[in-house]
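Below is one structure; the comments refer to it alone.
The values are calculated or read from the model by the stated rules, or taken from the named source; none is laboratory data. In this text, all values refer to a predicted model and were calculated from it rather than measured experimentally. Ideal geometry is used to build each Cβ from the backbone, glycine not excepted, and the neighbour counts take in all protein chains shown.
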Ligand code: SF4
């Protein structure tokens, strides 16, 4: 059992559906939201014994667009987690927020409720690109939301930014990044646009429209982008994540280290000591099953030691702290070299990773090649 415990809460509703998104997200409807919230409180009470006395080191409210819920509902969920499970001292409480859904008053109420990390879904600070992405907010709203969050006392604010957008040139992407960095976020999540096949954008792209930048072009952009981010004082600690000192996302880091986290809400995933599960991605179905006393599971699986070791390589090779090989060796009962000695040697000889003090640490090149590096261990 890992020492730290997290809780991920999935709130699936959004103001509207973005055409590239394949997350589990639904249009807001109070007819579904109210019964869902009631069910989540009941479910949390039932799940609390899984913590086995451990307090939460991190609580992550993700979605969907959690910030579109009234502050009192979000505060109620945080308070329920505090009462039913307990929050460790200085626990990280993160909330994903869309710039158009947060007022000064709401941000102050959320800060008072204990939220101490805000992840603002800016996506871009170019109004033309935001419109093309189907986003409802504009760059001015992002700037206002960030300033309001600072006034409300948030000292840990992350911006989400997407690059590789339709019609976006390398210079446009760098200008967009520079605009975001000028807002002095404490953390940046910087993702290449990915198109789920079953989304409006995915279907358009399958027909060759809209034109998107190619792989070589993107690799070139990334070199420029990392340099801009580094000069702004943010350090890369995961393939797509950058932070000022002390501002890395604790919740995500724990999951990348194979740590334990409980789950609440439809579509939420959890992990406890090698057991992984997810709840049904169906708000009504989830609420109904909880109401009837059932467990709304979509799946539950016990991952065998080799599978857990493989997960640690897949996740750890995406981070600058790398993989704790001693932990993998313990999982395999001392069998690390026998199982993965050849893959380890290959990762090192390709220049993708170094072995240091019991860890396998990806090189900058290895971070770029993280998927290929992980595939060596599959
Ligand atoms: S706001 Fe986020 S979660 Fe909701 S539809 Fe858009 S991209 Fe998906």
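Confirm whether residue 112 is closer than 26 Å to residue 187 by Cβ, assigned by TED's automatic domain parsing to the domain that holds residue 131 and surrounded by fewer than 16 Cβ atoms within 10 Å (Cβ to Cβ).
Details: closer than 26 Å to residue 187 by Cβ: yes; assigned by TED's automatic domain parsing to the domain that holds residue 131: yes; surrounded by fewer than 16 Cβ atoms within 10 Å (Cβ to Cβ): yes.
Yes; evaluated as a whole, the condition is true for this residue.
Kindly indicate which of 48, 39, 57 is within 28 Å of residue 250 (Cα to Cα), modelled with pLDDT of 95 or more and surrounded by fewer than 18 Cβ atoms within 10 Å (Cβ to Cβ).
On the way: 39 fails: surrounded by fewer than 18 Cβ atoms within 10 Å (Cβ to Cβ); 57 fails: surrounded by fewer than 18 Cβ atoms within 10 Å (Cβ to Cβ).
None of the other options fit; the residue is 48.
With respect to the conditions (1) within 24 Å of residue 54 (Cβ to Cβ); (2) surrounded by 15 or more Cβ atoms within 10 Å (Cβ to Cβ), residue 241 lacks only one, and its number is (1). Scanning the stretch 14-73 for residues that are over 24 Å from residue 122 (Cβ atoms) and assigned to a strand (DSSP E or B) yields 56, 57. For the stretch 83-138, give me each residue that is more than 16 Å from the ligand (Cβ to nearest atom), part of a strand (DSSP E or B) and farther than 20 Å from residue 151 by Cβ. 87, 88, 89, 90, 91, 92, listed by residue number.
Here's the yes/no breakdown for (1) over 22 Å from residue 288 (Cβ atoms); (2) within 16 Å of the ligand (Cβ to nearest atom); (3) in the same structural domain as residue 100 (by TED's automatic domain parsing); (4) in contact (Cβ under 8 Å) with a residue 12 or more places away in the chain:
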| site | (1), (2), (3), (4) |
| --- | --- |
| 13 | no, yes, yes, yes |
| 16 | yes, yes, yes, yes |
| 20 | yes, yes, yes, yes |
| 26 | no, yes, yes, yes |
| 29 | no, yes, yes, yes |
| 37 | no, no, yes, yes |
| 42 | no, no, yes, yes |
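The set of residues in the stretch 69-85 being surrounded by fewer than 20 Cβ atoms within 10 Å (Cβ to Cβ) and more than 24 Å from residue 246 (Cβ to Cβ) consists of 70, 72, 73, 75, 76, 79, 80, 83, 84.
List the helices (runs of 4 or more DSSP H) inside the stretch 169-241, counting only whole elements, that have at least 3 residues being in contact with a strand residue (DSSP E or B) (Cβ under 8 Å, 6 or more places away or on another chain) and touching a residue at least 24 places away in the same chain (Cβ under 8 Å). Working first, answer last.
Details: elements: 170-182, 200-206, 215-231.
Where helices (runs of 4 or more DSSP H) fall fully within the stretch 169-241 and carry at least 3 residues being in contact with a strand residue (DSSP E or B) (Cβ under 8 Å, 6 or more places away or on another chain) and touching a residue at least 24 places away in the same chain (Cβ under 8 Å), they are 170-182, 215-231.
Could you list all residues from the stretch 275-316 that are in a loop (DSSP other than H, G, I, E, B) and over 20 Å from the mean Cα position of the chain (by Cα)?
From the stretch 275-316, those in a loop (DSSP other than H, G, I, E, B) are 280-282, 292-296, 303-304; that's our starting set.
Once the filter is applied, which keeps residues that are in a loop (DSSP other than H, G, I, E, B) and over 20 Å from the mean Cα position of the chain (by Cα), the stretch 275-316 yields 282, 292, 293, 294, 295, 296, 303, 304.
So, in the stretch 343-360, exactly how many residues are part of a helix (DSSP H, G or I) and loosely packed, with under 11 Cβ neighbours inside 10 Å? Please lay out each step first, then the result.
The initial filter retains those residues of the stretch 343-360 that are part of a helix (DSSP H, G or I), namely 343-349.
Right, trim to loosely packed, with under 11 Cβ neighbours inside 10 Å and you get 349.
Adding up the residues that qualify gives 1.
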